[in-house]
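Undergrad: Just passing along the structure, written as structure tokens.
Just so you know, all these numbers are worked out from the coordinates, no wet-lab data involved. All values reported here derive from a predicted model rather than from experimental measurement. Virtual Cβ from ideal backbone geometry, glycine too; neighbours counted across all protein chains shown.
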Amino acid sequence: MRILVTGGAGFIPSHLCERLVEQGHDVVGVDNFVTGHHRNLARLLTLPRFSFVEADVTKELPVEGRFDRIYHMASPASPIDYVQLPFETLYCGSDATRIALDRCRKDGARFFLASTSEVYGDPLVHPQPETYWGNVNSIGPRSVYDEAKRFAEAVTMAYHRYHGVETRIVRIFNTYGPRMRENDGRVMPAFISQALRRQPLTVFGDGLQTRSFCFVDDNVRGLMSLMESDLTEPCNIGNPHEMTMLQLAEYINMYTGNTAGIVHKPLPTDDPLQRKPIIDRARNTFGWEPHVSFEEGVERTVGYFRELIEL
Ligand code: UDP
């Protein structure tokens, strides 16, 4: 197939592009490097079935020819990114989603929306099934991301219902692995780079808030399986292995041999208290579940950051 991936130079999409090319597809990545990085394309650009177009997908998709699939992955995705890039974040969820959907309608392509566990906000139901409608502050600092993704889900379903476009919606839970930006502010790259630099890890608040971390290889396998499934309803993809940020900090310090300990910093506004996916829908519909253990995932991610930081 011929497949377009928006945000192709980003963390998850660059891995996705590689897997798609390995499966024999022709893949075009589109990115404007607002949060994506040239480094993520290094291997991809050596593969003949991959090509890259630099463009702002909130304005246009300047790529010729018909596509069979479009994965709309482009968006700032870290809390500090979307506070610094509020309009880019809003337009990735709104304008860029509409532009990609229009292109799918024209090409007869199947559309895939990268949505997020953030549509559940600070969830009052725990763990979170897809049937939960969420608890989102529509005017808080995270709203530019949460509400844009909620709009993106709505416009995707509208194109499906009213225009008959084939659509898929994934709700991605916290994902980590090689190619995250060291300074993107998310907890995994923050803790790992601090530990490798022998600095104390910055735990926000009391550190008792929880997250559930999925390794990127498992995530990408889930995304591709969902795309080729028949599921039109939104689908959680994440690893139900839940832990507190204090537990995460302790493990990273122990694994890296960092003795600098932790420091507490203020908790960001509207930081969700807990998050854990129910993945029965993915499991029962297309047989997906995560395989990479937390220990292995951390080992591979620390290996990447060790090289990046050149310590
Ligand atoms: N966090 C932290 N220290 C950091 C960065 C994040 O304690 O240096 C916490 C943050 O407050 C949140 C959790 O780690 O409770 C996950 O944050 P992240 O930004 O990775 O993703 P989120 O799930 O909040 O979108």
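Undergrad: Treating cross-link reach as a plain straight distance, find the aspartates and glutamates whose alpha-carbon is under 13 Å from the alpha-carbon of LYS265, omitting any fewer than eight places away in the same chain.
TA: Output for LYS265: ASP206.
Undergrad: Now, a different point. Rounded, prolate or oblate for segment 93-225? Axes are the square roots of the Cα gyration tensor eigenvalues, ordered a ≥ b ≥ c, and the cut-off for rounded is a/c under 1.5.
TA: Here segment 93-225 falls in the prolate category.
Undergrad: Projecting each Cα onto the charge dipole of the chain (Lys/Arg +1, Asp/Glu -1 at the beta carbon, about the Cα centre), which of PRO234, THR97, ASN174 comes out farthest on the positive side?
TA: Checking the options against the dipole of the chain, the answer is THR97.
Undergrad: Considering the chain as a Gaussian network with a 10 Å cut-off on Cα pairs, which listed residue, LEU113, LEU101, LEU208, attains the greatest mean-square fluctuation?
TA: Maximum fluctuation in the GNM of the chain, among the listed residues, is at LEU208.
Undergrad: With springs only between Cα atoms under 10 Å, which of VAL155, VAL57, VAL27 fluctuates most in a Gaussian network model of the chain?
TA: Result for the chain, Cα springs under 10 Å: VAL155 fluctuates most.
Undergrad: If you place +1 on the Cβ of every Lys and Arg, -1 on the Cβ of every Asp and Glu, and leave all else neutral, what size is the dipole of the chain about its Cα centre, to the nearest 20 Debye?
TA: Using only the charged Cβ atoms, the result is roughly 220 debye.
Undergrad: So, how do all the Cα-to-Cα distances of segment 41-161 break down into 10 Å bins, in percent, from 0 on up?
TA: 13, 39, 33, 14, 2
Undergrad: Among rounded, prolate and oblate, which fits the chain when a ≥ b ≥ c are the square roots of the eigenvalues of its C-alpha gyration tensor, a/c under 1.5 means rounded, and a/b larger than b/c means prolate?
TA: The shape class here is prolate.
Undergrad: Now, a different point. Starting with the fewest neighbours, write out CYS92, CYS104 ranked by other beta-carbon atoms found within 10 Å of each beta-carbon.
TA: So the ranking, lowest neighbour count to highest, is CYS104, CYS92.
Undergrad: Size of segment 151-301 along its principal axes in angstrom, Cα-based, largest extent first?
TA: Largest to smallest, the principal-axis extents are 56, 32, 24 Å.
Undergrad: When averaged across all projection directions, what area in nm² does the alpha-carbon convex hull of segment 38-111 cover?
TA: That works out to 5.7 nm², a quarter of the Cα hull's surface.
Undergrad: Any idea which of ALA55, TYR71, PHE151 is furthest toward the positive side of the dipole for the chain, if Lys and Arg beta-carbons carry +1 and Asp and Glu beta-carbons -1?
TA: Checking the options against the dipole of the chain, the answer is ALA55.
Undergrad: Would you please put 120-130, 163-173, 74-84 in order of how densely packed they are, using the mean number of other Cβ atoms within 10 angstrom per residue and starting with the highest?
TA: 74-84, 163-173, 120-130
Undergrad: Over the Cα atoms of segment 81-133, what Rg and Dmax result, in angstrom?
TA: Looking at segment 81-133, its Cα Rg and Dmax stand at 14.4, 40 Å.
Undergrad: Diagonalise the Cα gyration tensor of segment 3-56 and give the resulting equivalent ellipsoid semi-axes, square root of 5 times each eigenvalue, largest first, whole Å. Write down the numbers at each step before the final one.
TA: On the way: eigenvalues 53, 22, 17 Å².
Semi-axes from the Cα gyration tensor: 16, 10, 9 Å.
Undergrad: In addition: Is it possible to state the helix-based mean residue ellipticity at 222 nm for the chain, with each DSSP H run of 4+ residues giving -39500 (n - 2.57), the sum divided by total residues, to the nearest 500 deg cm²/dmol? What is it?
TA: Details: 10 runs with 117 residues, N = 311.
Dividing the helical sum by the residues of the chain leaves -11500 deg cm²/dmol.
Undergrad: Using DSSP, restrict attention to beta bridges with both residues in the chain and report what percent are antiparallel, rounded to the nearest 5.
TA: On the way: 3 of 38 bridges.
DSSP beta bridges in the chain are roughly 10 percent antiparallel.
Undergrad: Of HIS160, GLN247, PHE286, whose Cα points farthest to the positive end of the dipole of the chain (charges on the beta-carbon: +1 Lys, Arg; -1 Asp, Glu; origin at the Cα centre)?
TA: HIS160
Undergrad: Sticking with this one: Dipole of segment 21-134, Cα-centred, from +1 at each Lys and Arg C-beta and -1 at each Asp and Glu C-beta, to the nearest 20 debye?
TA: 340
Undergrad: Further question on the same structure: Sort CYS17, CYS214 so the one with the fewest other Cβ atoms within 10 Å of its own Cβ comes first.
TA: CYS214, CYS17
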